[in-house]
Amino acid sequence: MEIEAISHGTGVITEFVDKGASFAIDLEAKATARLLENRKGIKANDKTAKDIAKKVLKFFGYEYGLEIKTESEIPEDMGFGEKEAIATATALSVAGALAKKHGSINKFKIDLHLKDQFMIIDEKLVDKKDLIDICTDSGMRFDRIYASFYGGFVVADNKKKQIFRRGEMEILQAIILIPNKPKKTDEEEFKVFEREFEIIFQEALKGNLNTAMRMNSALYDREITKRMISAEALAVSRSKEGGFIGLVRDNEKIKKIKDSVKKEGKILVRDVMNQQAMIQIKPKRIYKINEFMKLKGDHKYHWL
C-alpha cells in the first residue's frame with residue numbers, strides 16, 4: 001500500500017548564522033512511500049528523499065526495501081524551503097508506511113479546532129520531534145523544517161534546535177517572485193551587519209514579524225523590497241538565494257504589487273499556510289484528549 005504525505009514550502013522572516021525565523025506558504029511538496037517486503041534497498045527519484053527515507057527506516061529498526069516518489073511545486077534554489085519540505089514529506093510518508101503495517105495512524109481532538117495526527121509503531125507513539133531531528137541532522141535548517149512540519153511561523157536557534165516562539169500567521173496572501181536573475185547572498189559579506197541582524201532577530205522574537213521581514217529584506221536587497229512595500233505590501237520576505245515574497249491582507253492590492261516587480265521574473269500568488277504537514281489517509285481511530293493521555297508507554301511525545 002502506498003502512503004502519501006504533503007508538506008509545505010517556507011518563506012524567510014530572518015536568517016543569519018545559527019538563528020532563523022520562517023513561516024509556511026501554500027506551495028506543496030508530496031512524498032509517496034511504498035514498502036517492498038521481498039526486496040532491499042531504496043528506490044527514489046530524489047537524493048534528499050532517499051537519504052531521509054534510509055534514516056527513518058534505520059531509526060525504527062526495519063530493513064524493508066522501499067520505493068519513494070516525490071513531487072514538488074516549490075521553485076528550486078530560490079530559498080523557498082524546497083529541500084526541507086521534501087524531507088518533511090518523506091519522513092512522514094515512510095513513518096506512515098511503517099505505522100500502517102506495524103501499528104496505526106490516528107487523530108486526537110482537543111476541541112472543535114485543535115487536533116493532531118499521530119502514529120503508533122510497534123505499540124509506541126511516534127514522537128514527531130524524532131522525525132524533525134532526522135531531517136535537521138541531514139543538513140536541513142531547523143526553523144524551516146519546523147515551519148514546514150507544523151505550519152505558521154517559528155523563531156529558533158538552529159544550532160541548538162531550540163524554539164523561542166511559534167504560532168499561527170495572520171491570514172495573508174503571498175505574492176512570490178522568482179527572479180530571472182536572482183542575486184544570491186554570501187553570508188560572509190554580511191557579517192559586518194551582525195548587530196543589525198541581531199536586532200532583526202529580536203523583532204521576530206517579540207512577534208513583530210512584518211517589521212523583521214522588512215528590515216531583513218531591505219538589508220539584502222533594498223530596491224525590490226522598496227518597490228513591493230511602496231505598492232502596499234505589508235511585508236517582504238527575501239531569502240539568501242534571491243527569492244522574494246510580498247505579503248498582503250487586501251486582495252485588491254495584489255495586482256499593484258505584482259505590477260511593481262513583474263519585469264523581474266515569474267510571479268505566483270499563494271496563501272500563507274497554518275496547516276501542518278499531514279499523511280493523506282483516513283485515521284484508524286479518533287481519540288479525545290483524555291483517551292490519548294491514557295495510551296500505554298512512558299515515551300515522550302511533543303505536540304505543538
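For the chain, take the longest principal axis of its alpha carbons; what is the angle in degrees between that and the long axis of helix 82-102, to the nearest 10 within 0 to 90?
Relative to the chain, helix 82-102 is tipped by roughly 10 degrees.
Regarding the stretch 1-156, what whole-number volume in Å³ per residue does the convex hull of its Cα atoms give?
112
Checking the table 100/160; 58/83; 206/226; 101/288; 58/288 against a 30 Å threshold on Cα-Cα, which pairs fail?
Listed pairs above 30 Å: 100/160; 58/288.
With viscosity set to 0.692 mPa s and temperature to 37 °C, compute the Stokes-Einstein D of the stretch 173-271, Rh being the Kirkwood radius across alpha carbon pairs; µm²/s, no decimals.
Calculated translational D: 240 µm²/s.
Assuming 0.36 nm per residue, please report the length gained on full extension of the stretch residue 181 to residue 107 beyond their Cα-Cα distance.
Full extension of this stretch gives 22.2 nm more.
Quick one: dipole size for the chain, taken about the Cα centre, charges +1 on Lys/Arg Cβ and -1 on Asp/Glu Cβ, in debye to the nearest 20.
The calculated dipole for the chain is roughly 600 debye.
Using alpha carbons only, how many degrees (0 to 90, rounded to 10) separate the axis of helix 194-205 from the longest principal axis of the chain?
Once rounded, one gets 60 degrees.
Just the number, please: Stokes-Einstein D of the stretch 203-261 in µm²/s, Kirkwood Rh from C-alpha pairs, 25 °C, 0.890 mPa s.
In µm²/s, the coefficient is 216.
Normalise the Debye intensity by I(0) for the chain, one equal point scatterer per Cα, no solvent, then take log10 at q = 0.12, 0.14, 0.16 Å⁻¹ and round to two decimals.
After summing over all Cα pairs, the log10 values are -0.78, -1.01, -1.23.
Near the amide H of residue 81, under 5 Å away, which other amide H atoms are found, from residues 5 or more places off or on another chain, if H is placed in the peptide plane?
10
Tell me, what is the FRET efficiency for residue 189 and residue 280 to the nearest 0.05, using R0 = 35 angstrom and their Cβ-Cβ distance as r?
Plugging the Cβ-Cβ distance into 1/(1 + (r/R0)^6) gives 0.25.
Would you work out which of 173, 216, 204 lies farthest towards the positive end of the dipole of the stretch 173-271, given +1 charges on the beta-carbon of Lys and Arg and -1 on that of Asp and Glu, about the Cα centre?
173
Quick one: Cα centre-to-centre distance for the stretch 86-152 and the stretch 29-45, in angstrom?
Centre-to-centre (Cα) distance: 18 Å.
Using amide H atoms built 1.01 Å from N in the peptide plane, name the residues 5+ places from residue 278, or on other chains, whose amide H lies under 5 Å from its own.
6
Nearest 10 degrees is fine. How inclined is helix 47-60 to the longest principal axis of the chain, computing both from alpha carbons?
Approximately 40 degrees, to the nearest ten.
So which of 107/282; 159/183; 40/69; 47/181; 30/159 end up more than 18 Å apart by C-alpha?
159/183; 47/181; 30/159
Taken together, the values in this text are just the output of simple stated rules run on the coordinates, not laboratory data. This structure is a prediction, so every number in the text was calculated from the model and none was measured. Quick reminder, even Gly has a Cβ in these numbers, built from the backbone with ideal geometry, and neighbours come from all protein chains shown.
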